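Shown next, in structure tokens, is the structure this report addresses.
The values are calculated or read from the model by the stated rules, or taken from the named source; none is laboratory data. Please read all numbers here as calculations on a predicted model, not as lab measurements. Every residue, glycine as well, gets a Cβ built from its backbone with ideal geometry; the counts of neighbours run over all protein chains shown.
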Amino acid sequence: MVETHAILTHDLTKDFGKIRAVNNLNLKIPYGKTYGLLGPNGAGKTTTVRILNAIISKSSGKASVGGYDIITESKKVKMICGFLPESPGLYSKLTAREFLEFIGELYYLPKDVISARINELLELFDLEGRENDLLEGYSRGMKQKVCLCAALIQDPEILFLDEPTSNLDPAAARMVKNLISELAKKADKTVFICTHLLDTAEELCDIIGIIVEGELKIEGTPNEIIESVSAKDLEEAYLKITGADHIDDLLAWRDENPNNHEDNKKSRRKKKKKNKKLR
Ligand SMILES: Nc1ncnc2c1ncn2[C@@H]1O[C@H](COP(=O)(O)OP(=O)(O)O)[C@@H](O)[C@H]1O
Ligand SMILES: [Mg+2]
């Protein structure tokens, strides 16, 4: 049977001892879309993406990626997926070229294909001229680019990116976001992004799922999510859905008249003092 969805999960669940990291997750992600799994720290995003890449096992439920079962066809899953981990390990005593050759060989790619792909990627990521420098001398943004090259070396059908912009300065984050959106549009890849950053999700994703304590709370386009909880924007919707405490306080600054800025600061300080006393 030809699978019409790039990623399908049915009641996918993962327990770490007593902790339920992922709870009955049901996803149906069509090919060619960019999907964002959005949620606070500890929500279960990394666990989900590690299960989908056949790196760790599930506790129960089912999942297929690219039509392949993540358990019985795990090798095929690995062959068609590219994965940028949250904290990738780089071999600092290798050059970028050596590292990418090594990753290409893990995918059993022929040497000439590896070499051609590396040249293409170095050009795309603007790393030409630095490819023979040791990775230990690379900046964080450059290391992230090399990790993205590694995730793309076998020209994967489906690309998983775990927190691709989280540890980058604004300029490097912008560059990575541009690269991801180009990949999604031009190469028509299915991209699955885990992030806790609203701007990254809103800018890059066609569909967003918000996960809290292992449970998928809502799914839809950014606009659908905003409308479904009558929010002003994705930030307010996210705070409502994730049940962030003191939401009115958190968002109060946005209702302020800029002319009353100082007054409002004072009144918030007063409110804070009052709350402290009450505790
Ligand atoms: N290897 C592990 N052993 C035990 N608990 C884990 C492990 N990996 C993740 N967890 C727990 O699972 C939950 C979800 O973690 P994670 O998937 O990393 O969340 P996120 O990526 O959304 O921040 C957390 O409570 C975390 O502590
Ligand atoms: Mg994570």
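Identify all residues within segment 84-94 that are within 13 Å of ligand 2 (Cβ to nearest atom) and in contact (Cβ under 8 Å) with a residue 40 or more places away in the chain; write none if there are none. Explain how you work it out, then say what you get.
Applying the first criterion (within 13 Å of ligand 2 (Cβ to nearest atom)) to segment 84-94 yields 84-88.
The answer is LEU84, PRO85, GLU86, PRO88.
Criterion applied to LEU52, LEU38 was being modelled with pLDDT of 95 or more, more than 17 Å from PHE83 (Cβ to Cβ), crowded, with 22+ Cβ neighbours inside 10 Å and assigned by TED's automatic domain parsing to the domain that holds ILE158, and the one residue passing it is LEU38. Among the residues of segment 183-202, those that are closer than 20 Å to PHE125 by Cα and more than 16 Å from ligand 2 (Cβ to nearest atom) comprise LEU183, ALA184, LYS185, LYS186, ALA187, ASP188, LYS189, THR190, VAL191.
Scan segment 51-69 residue by residue and report those that are more than 16 Å from ligand 1 (Cβ to nearest atom) and touching a residue at least 40 places away in the same chain (Cβ under 8 Å). Selection gives LYS62, SER64, VAL65, GLY66, GLY67.
Of the residues making up segment 75-88, those that are within 16 Å of ligand 1 (Cβ to nearest atom) and out of contact with any Asp or Glu (no Cβ under 7 Å at 6 or more places or on another chain) are PHE83, SER87, PRO88.
In this structure, does ALA63 turn out to be within 18 Å of GLY209 (Cα to Cα) and either more than 16 Å from ligand 2 (Cβ to nearest atom) or modelled with pLDDT under 95 (or both)? Break it down stepwise before answering.
On the way: within 18 Å of GLY209 (Cα to Cα): yes; either more than 16 Å from ligand 2 (Cβ to nearest atom) or modelled with pLDDT under 95 (or both): yes.
Answer is yes for this residue.
Only one residue in GLY67, GLY61 is in contact with a His (Cβ under 8 Å, 6 or more places away or on another chain), over 21 Å from THR165 (Cβ atoms) and not charged (D, E, K, R), so which one is that? Exactly one residue qualifies, and that residue is GLY61.
Can you find even one residue in segment 23-36 that is on the phi < 0 side of the Ramachandran plot and near ligand 1 (Cβ under 7 Å from one of its atoms)?
Step one: filter segment 23-36 for residues on the phi < 0 side of the Ramachandran plot, giving 23, 25-31, 33-36.
Then keep just the ones that are near ligand 1 (Cβ under 7 Å from one of its atoms); that gives none.
Scanning segment 23-36, I find no residue that is on the phi < 0 side of the Ramachandran plot and near ligand 1 (Cβ under 7 Å from one of its atoms), so the answer is no.
No other residue among THR72, THR4, THR48, THR9 is of a type in the set (Ser, Thr, Tyr), within 14 Å of ligand 1 (Cβ to nearest atom) and either over 19 Å from ALA150 (Cα atoms) or touching a Phe, Trp or Tyr at 6+ places or on another chain (Cβ under 8 Å) (or both) apart from THR48.
Report yes if LYS75 is in contact (Cβ under 8 Å) with a residue 24 or more places away in the chain and among the charged types (D, E, K, R), otherwise no. Don't jump to the end; show me each part of the working.
Numbers: in contact (Cβ under 8 Å) with a residue 24 or more places away in the chain: no; among the charged types (D, E, K, R): yes.
Criteria not met by LYS75.
Residues in segment 12-22 that are surrounded by fewer than 21 Cβ atoms within 10 Å (Cβ to Cβ) and more than 11 Å from ligand 1 (Cβ to nearest atom): THR13 only.
In the condition set (1) modelled with pLDDT under 95; (2) more than 18 Å from VAL49 (Cβ to Cβ); (3) β-branched (Val, Ile, Thr), ILE180 is compliant with all but (2).
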